[in-house]
Amino acid sequence: MKIMTKSERSETISIISDVYKDVNGIRPRNYNWDAFTDKELTEFLDDLHKEADKQYWEMRTEQAKSELKF
């Protein structure tokens, strides 16, 4: 795994904050981002993307079921 530059870390943390808010409804708090390794940040973001995808497909399934009722 390539070592992130400061700019890449900052961008990754910004994306984490955005996706976290999409998934949980609030921005992440009380995380010490400096303590995260590059790998941990990447894994955290990957997990958030998986959860966001799961929520999206659950919503789409519910929408499809609603449309079938009409």
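The values are calculated or read from the model by the stated rules, or taken from the named source; none is laboratory data. If you're wondering where the values come from, they're calculated on a predicted model, not measured in any experiment. All Cβ positions, even for glycine, are placed from backbone atoms using ideal geometry, and neighbour counts span all protein chains on display. Just so you know, the surface numbers come from the protein's heavy atoms only, side chains and all, with ligands and any DNA or RNA stripped out. Shrake-Rupley method; radii C 1.70, N 1.55, O 1.52, S 1.80 Å.
Return the residues of the stretch 23-63 that are outside any loop (DSSP other than H, G, I, E, B), among the β-branched types (Val, Ile, Thr) and open to solvent by 80 Å² or more (accessible area, probe 1.4 Å); say none if nothing qualifies. Selection gives nothing.
Note on the stretch 6-63: residues that are touching a Pro at 6+ places or on another chain (Cβ under 9 Å) and of a type in the set (S, T, N, Q) amount to 1. Screening 13, 3 for residues that are of a type in the set (A, V, I, L, M) and open to solvent by 50 Å² or more (accessible area, probe 1.4 Å) leaves exactly one candidate, 3. Anything in the stretch 2-61 that is among the polar types (S, T, N, Q) and at pLDDT 95 or above? List them, or say none. Passing the criteria: 5, 7, 10, 12, 14, 17, 24, 30, 32, 37, 42, 55.
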